[in-house]
Each structure stands twice: as structure tokens, then as C-alpha cells.
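Only one structure is covered here, and it is reproduced in the block below.
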Amino acid sequence: MHDLVIRDAVIVDGTGAPKTAGDVAIDDTRISEVGEVTGKGRREIDADGLILAPGWVDIHTHYDGQATWDPDVTPSSWHGVTTVVMGNCGVGFAPVRPDGQEFLIELMEGVEDIPGTALAEGIDWTWESFDQYLDALDATRRVLDVAAQVPHAAVRAYVMGERAHEDATPDEVAAMAVIVEKAISAGAAGFTTSRTILHRSRHGLVPGTTAPLDELLAMADALAGAGHGVFQLVSDQAGSDEEQVWLTEIAKRTGGVVTYSLAQTPFAPEAYKSALANAQALQRAGLQIIPQVSCRPTGMLFGLQSSLHPFITHPTYRALSQLPLAERVRQLSTAEVRQRLLTEEAETGSAVARVLMSRWDQIFPLGDPPDYEPAPETSVAATAGREGRRPEEVVLDWLLEREGEALLFAPLASYADGDHEALRVMMTDPGTVLGLSDGGAHCGLICDVSMPTSLLTHWVRDRQRGPRLPIEQAVKLQTSQTATAYGFDDRGTVAVGKRADLNLIDLDGMVLHAPEMVFDLPAGGRRLVQRVDGYKATVVAGEITMEEGEPTGARPGRLVRFGQI
Ligand SMILES: [Zn+2]
């Protein structure tokens, strides 16, 4: 008698092999039979031709705080994600000095747009060292597995205190390396750092952003000393020839995977091609330098409740910004307020924000169901041109739709050509890995946590403006390929002996709903979430955690300690 048998499924096993019809048996936490299962199960599910695939492994999230208070790890768990890797981009909450908690919260709020009040209320700081943080994560049962990485900024703040943004002395670098090696030895999945000028808090750039190569190499040596661990970074230039030089150095020193965020930047729309070519060449030379790419443009969602939209720094809007939404909408709809607003300009000292708020050819209605590959002729610029109006008038009208809850799609990256071709090239490149969902982060502006679902709804089923992907390839990208990049050897495929992390999917009936702003974080903090229909069941370690979109109450998820699985 098996614990669970799923019968008559279409198995897409995550290896890229052609799908097959069959059954899967599960005993305890593992898959025990695949094919024709003759034995009965204590519980049986008739899949009736639904897709059975491995659970999604999402390697780029920021649930470092949320995972300590939310056992449901939403919205990722709604989207079939069964393993998340946290601590990306150099930011996180351990190690932490007792007097340094506020600083790490402000950093996370500034860089990842997670409300500081929610973090302050939600996090129960029971740790100081990174291994104590791992113990705290370990003590909570969740619906999915989490793995943690040790973030450069927290390590710097721990060692250097108020000097965290300055140059480190050799002694300080040595002290950081000791902490990193201990964290990795205790089971952290990797070390992460930031090299981007886009990530900043009110204190400035993320500590470590301008660290010299020697400091990064010391951390690389720490990974080598611990014997495992991914080196993850976010950078503005990581694909460039210059940065390839030190990425190469780091990869040589760690001997493991070095992964960096790669997107098509609007300012150098062809640069991703040379980055891919560079990575391929380095991989052929035996180095595991893996660009991390996404399956959707990094999508800012402009709305009256979001943390950015074209009028957010206009004086007239600022004066209204604290009013309840309905009242704001009422006032913004009056001729007088409207006229005043449309004669003003953005008042921000940030050149980046000014550009992002006025790229009229890169702002589109998102719609419901959301369209992440909108045609260029539907942009604000094109609409304004057609209607002989100013773009500001068009965008204001759109923001006021749906009683002020409308969201506009403003791709931050990977949409320079007005379609998903650049993404398709990056995703299907054999040298890349899928990531960048940023689950748990950018709560007021971005909701890319649903990217794994878009792989199925958009790339396998619905895409009209270019080639689609075979389901076998799409599933592989988000399961065995992400799992392998991080060294999760025990999951990511439907095979005997693997962990029973599975999704039963009704592909025909799958609906990705429009994102919505909710105020359910601790202290009433806001976040964008996104619902989905079509995940009939999600299984984690052999237990059904989600059924028809609702949690069953089972919490088999645990902390994955690397080097110890
Ligand atoms: Zn990130």
C-alpha cells in the first residue's frame, strides 16, 4: 500500500523528455514508482489526463523576513512553487548585531520595497549569527522548502557597523570571510552581493556594492573552504567584457556556480547577446558562470496604490496622496484638479525615477487577464499619438480606471523591442538559468512572483506574437534546471527516489488573474499579489499542501541545509 498514488496523469518529468501517460506512487517523502502503478494507495487521485510535473524551484526570492512569520509563503505557494531560495542580491537579515536590526530593515525597504513597518512588526529577532538565523528558519514548518543565502551587506554591517558603506580593512575582510565560511558550512546555499547602482536605501548604495575584487575573492575563497555554495550577484554590467574578468576570477576560486542577473537593458538592447556568448565561452572552458534570466520583462506595475506612477511626485498629487483611494479618484476626476496636475512636472531629484515615469512607449494597460507582451501600438505614446492627446492625459485616464485600482504595465527591462523575442533567446539559451521572480519583494511595484505560471499560460499555451515553447522544455527550465544550478540533487524531476514535490495542473483551465494590491502584511503593509486557477494540487515531500488553490493545512516544508542533503 502506497501513501499516495496519482493515476492517469500526463507526466512531464522535468528532464525535457517527451511527456508520457502514467501513474506516480509516493511513499513517505519520495517518489517510489513512475509508470504503471499496480499497488493501491492510502490516498488516490485520479488525474484524468491532467499534467503532472515537478514542483517549481524558484531560485531568486526575498522571503528572508516573511519566511520567519508566514508559513504559507504566499504568493509563491499559490503558484506551484515548492522550493524557494532567499537572500539574493546581497540583502537579508543575518548576521545582525542587536543594534543593527533597524539598518537591515531600512536596507530591505529601500532596495526591495518591502514595507519597513511590516518587517519591524513581523520579524521576531531570535538570532544574531547566520547559523542562529538558520536555526530559526528550521524551527518553523511551512508549505514549501526554503534555502537561505548569506548576504554581503548584512555581513559587512555586522563586521563594520556604521562603516558598512566604506572600504573594509584587511582585518575586516578576513572577519567577513570567517562569517561567510561558517554560514555556508552551517547550510547556507550561497553568498550574494550587489553591484548595481539601482539598488539603494536612504543610506546610499547597498554595502559592498563598490567592494574591490580582493574582497569578493576572499568571499569566494570562503565558499571554496566550505566546499559548496553559489555566488550570486546583481550587477549593471555583469555581462560586459570588463566584469567577465572578475566573474571569471571568482568562478575559478569558488569552483562552483556564479550566477548573475541578466536582462535586456533599454540603454544597450544588444548587450545581452554578447553576455550570452561570453557565458557560453566560459562554460566551455569549464567555468560555471550562469546568467540568470526571466521569462517575463521585469514588470513595474504603475497604479494609484503603487510606489511609482507618473504623477507620484507632482505637487498636486502629493497633496492628495494620503487620501483614501476613492476620495483621491474623485478629486483627480474633477476638471480643476486634473488641469492643475497636467500643467505640473515631476518633482524628483532622481534622474532614474524621472525617466522611468515618462517612458511613454513603455507603459501599457495590463488588463485582466494580464497581457505581459502588449503590442507597441497599445502603449501610452501610441495611443496619445492616435488620439492627438498628451501622453499625460492618456495615462491619467488609465490610472483612474477600475475605481483607481487599474494597473499599468511598465517593463523595466527586456522589452526594448516591444516583444518577448529577447527573452525567448535568453531563456532558451542552454547556458542560462531562470530566476528573477523576486518573490516577497518589490511589494509596492512589481509582482513577478507569478513567472513560473506564465511559463505555462503564456509560453506553452497562449503566446501569439512569436514562437511558443514545448511544455517539456518550459517545465525543465523551472524544475531540474533551476534545481541543478543550486545543487538541489534530490528534486526537480519526476523519477523514482526523488522528493515527491509535484504539481497537478489543468493547463486548459489555467487562469492567471490580474495582480491586485492588498494590505495584509504585518502592520497593514501593502503588497501586490496575484491569484491563479489551474493548480489542482501541489505536493511537497509527499504531502498535499494545496488543493484547488487552497492550503490544506499540511506544512511539510523545511529549511534545506546545503552540504547536508
Ligand atoms: Zn533580487
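We did not get these values from a lab; they are worked out from the coordinates using the rules stated. Computed from a predicted model, the values in this text were never measured in an experiment. Note: ideal-geometry Cβ built from the backbone for every residue, glycine included; neighbour counts use all protein chains shown.
A few points about this structure:
- The stretch 300-409 - charge dipole about Cα centre, Lys and Arg +1 at Cβ, Asp and Glu -1, debye rounded to 20: 320 debye
- The chain: relative contact order in percent, alpha carbon pairs under 8 Å with at least 6 residues between: 22 percent
- In the chain, helical runs assigned H by DSSP with n ≥ 4 each contribute -39500 (n - 2.57); averaged across all residues and rounded to the nearest 500, the mean residue ellipticity at 222 nm is -9000 deg cm²/dmol.
- Table column - 3J(HN,Hα) (Hz), the stretch 18-23, Karplus curve with 6.51, -1.76, 1.60, x for Gly and Pro: x, 4, 9, 8, x, 10
- Within the shell of other residues whose beta carbon sits under 10 angstrom from the beta carbon of TYR535, the net charge comes to -3, with Lys and Arg scored +1 and Asp and Glu -1.
- Residues of the stretch 372-398 with amide N under 12 Å of the 7 Å Cα→Cβ point at ASP361: 376-377, 379-382
- For the pair HIS203 and SER240, label points projected 7 Å from Cα toward Cβ lie 2.6 nm apart.
- Remark: the stretch 174-230 carries a charge dipole of roughly 320 debye about the Cα centre, counting +1 on each Lys and Arg Cβ and -1 on each Asp and Glu Cβ.
- Mean-position separation - Cα centroids, the stretch 218-251 and the stretch 278-348, in angstrom: 31 Å
- Note on the chain: antiparallel DSSP beta bridges, both residues inside, total approximately 55 percent of the bridges counted.
- Extension gain (nm, one decimal) between ASP368 and GLU387, 0.36 nm per residue minus Cα-Cα: 4.5 nm
- Where Cα atoms sit under 27 Å apart: lysine pairs in the chain separated by 8 or more or lying on different chains: 12
- Highest average packing first - 334-340, 95-101, 449-455, Cβ atoms within 10 Å: 449-455, 95-101, 334-340
- Since only PRO75, GLN478, GLN339 are under comparison, the one whose Cα sits farthest along the positive direction of the charge dipole of the chain, derived from C-beta charges on Lys, Arg, Asp and Glu, is GLN478.
- Residues listed by number, the stretch 378-392, amide nitrogen under 20 Å from ARG402 label point at 7 Å toward C-beta: 378-381, 383
- Of the beta bridges in the stretch 1-115, as assigned by DSSP with both residues counted there, near 50 percent are antiparallel.
- Rounded to the nearest 20, the size of the Cβ-charge dipole of the chain about its Cα centre is 500 debye, with Lys and Arg at +1 and Asp and Glu at -1.
- For the stretch 37-95, averaging the sequence separation of C-alpha pairs within contact (under 8 Å, six or more residues apart) and dividing by the residue count gives a relative contact order of 41 percent.
- 5 angstrom amide H check on LEU308, placed H, neighbours 5+ away: GLY303
- Overall form of the stretch 422-492 per C-alpha gyration tensor (a/c, 1.5; a/b vs b/c): oblate
- Cα-based shape type of the stretch 300-409, given that a ≥ b ≥ c are square roots of the gyration tensor eigenvalues and the cut on a/c is 1.5: rounded
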